[in-house]
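The structure appears right after this line, and notes come after that.
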Amino acid sequence: MQKTSPFPPTPLILTPQGWHDYQLLDSGHGRKLEEVGGYRFIRPEPQAFWAPYLSDEAWQHPAGVFQTGSRDQDDGGKWELSPSLPDQWGISYEGISFLAMPTPFRHFGFFPEQSSHWQWCDQLIRERAKATQSPPNILNLFAYTGVASLHAARAGAHVTHVDSSKKAVAQAFANRDMAGMQAAPIRFITDDVRRFVAREARRGKLYDGIILDPPKYGRGTKGEIWRMEDNILELLTTIRAILSERPLFVVLTSYAIRASFLSLHHVLDDVVAGLDGSVSSGELAIAETHKLARQIGQANFARWQAK
C-alpha cells in the first residue's frame, strides 16, 4: 500500500499562540505553575526535572493545588482549593468565551495546547467555505466540552459533536451558551464513538474533516470498553469510509499512552493511504511565559491534510 508521507517523518513541536487567559508561568521540581483566568494553580508535572525559574514567592498562595498520592501516580489524587475560588469561571480564546473549572481529572475543562489544532482547522475550514460557498461538514469525536466544536463552527463549518459522557456534552452546551453561539450549526450527540461512526458509515453520511482525541481507556454509553491500543485502527478504518470525496483533514491526538508520535503517524498514514495529501506528526507542548520559555510536551499527534 502506497504511503502518503515520507519516512522517517520530521516531528513538529506545536506550542499554543494567542492565549491571554491561560499561561504556564513556571515549572520545576515535578510541578507546574499555571494561571487560568486570573487564578493560579499548581499541578504535578513529572517531566519538569529542572529547578523553577521564578522565586518561591511566585508559587505562594495559589487558588488550587492538585495533590497526588505519589510522584509516580498518573491517575488519582484530589484538589485542595481556596474557599474563594468559584466552581467555574469564564475565560476566552480568540473571542470565544467558555467555562474553566478544576476537574477531578486534574485539568480545567479544556486543553490549551489543543489550540494549535483549532487554529489549523480554522484556516482550512475558512479556505474551503470561501472556495465552495458552502459550509464543510466537520465531525468532532471524543469531543469533550466542545471548544474545538465552537471554533470550527465559527470558522464556517457545520459540526457534529460526539462524546459518550453526558456530563461532558452538558458542559459543551454550557460552553456554547457562554460563547453566545446558541444558533451555531452544531449537532451535539451523546453516544459511543465507534457505534456512531459505524452507523454513519451504513447511512452513507460523509464528512470533510474529522477531529478525534481518544482517551487511553473509556466506556461508551452502554458500557462499551475502549482501549486506545486495541481499538484505534478499527475506528480509523471506519472513519476512512465516511470521508467525503474531497476531504480537508483528519486530526488525531493522544494523551497518556506509552507510545511516541511515530505510532500515531504510522497508523494514520496507513489508513489514509491513497488520498491526495500528507501526514505530519509530533508533540503538542506548552511553553513557559518567562524568558527561559522551556517547553513541556503534553500530547502526541498526527494529522492529515489534503493537497
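Length, then width, then depth: along the principal axes, the Cα atoms of the chain run 57, 45, 40 Å. Residue ranges 262-275, 285-298 sort as 262-275, 285-298 when ordered by packing (mean number of other C-beta atoms within 10 Å per residue, highest first).
For Lys167, the lysines whose Cα falls under 27 Å of its own Cα, not counting residues fewer than eight places away in the same chain, are Lys78, Lys205, Lys216, Lys222.
Our coupling estimate for segment 40-52, obtained by passing each phi through the Karplus curve with A = 6.51, B = -1.76, C = 1.60 and θ = phi - 60°, is 9, 9, 10, 10, x, 8, x, 6, 7, 5, 7, 8, x Hz, Gly and Pro reported as x. Mean residue ellipticity at 222 nm, helices only, the chain: -8000 deg cm²/dmol; runs of at least 4 DSSP H residues each add -39,500 (n - 2.57), and the sum is divided by the number of residues. Put a plus charge on the Cβ of each Lys and Arg, a minus charge on the Cβ of each Asp and Glu, and nothing anywhere else: the dipole of the chain about its Cα centre is then about 860 debye.
Over segment 61-205, the Kirkwood radius and the radius of gyration, each from Cα atoms, give a ratio Rg/Rh of 1.03. Remark: the Ala293-Ser134 segment gains 53.1 nm on full extension, using 0.36 nm per residue and subtracting the alpha carbon distance. The slack between Glu35 and Ala201, meaning 0.36 nm per residue of separation minus the straight C-alpha distance, is 55.5 nm.
Here's the picture: charge each Lys and Arg Cβ at +1 and each Asp and Glu Cβ at -1 in the chain, and of Gly37, Ile125, Tyr22 the one pushed furthest to the positive end of that dipole is Ile125.
Every number in this text was worked out from the coordinates using simple rules, so none of it is lab data. Quantities reported herein were computed from a predicted structural model and do not represent experimental measurements. FYI the Cβ positions are ideal-geometry reconstructions off the backbone, even for glycines, and counts take in every protein chain you see.
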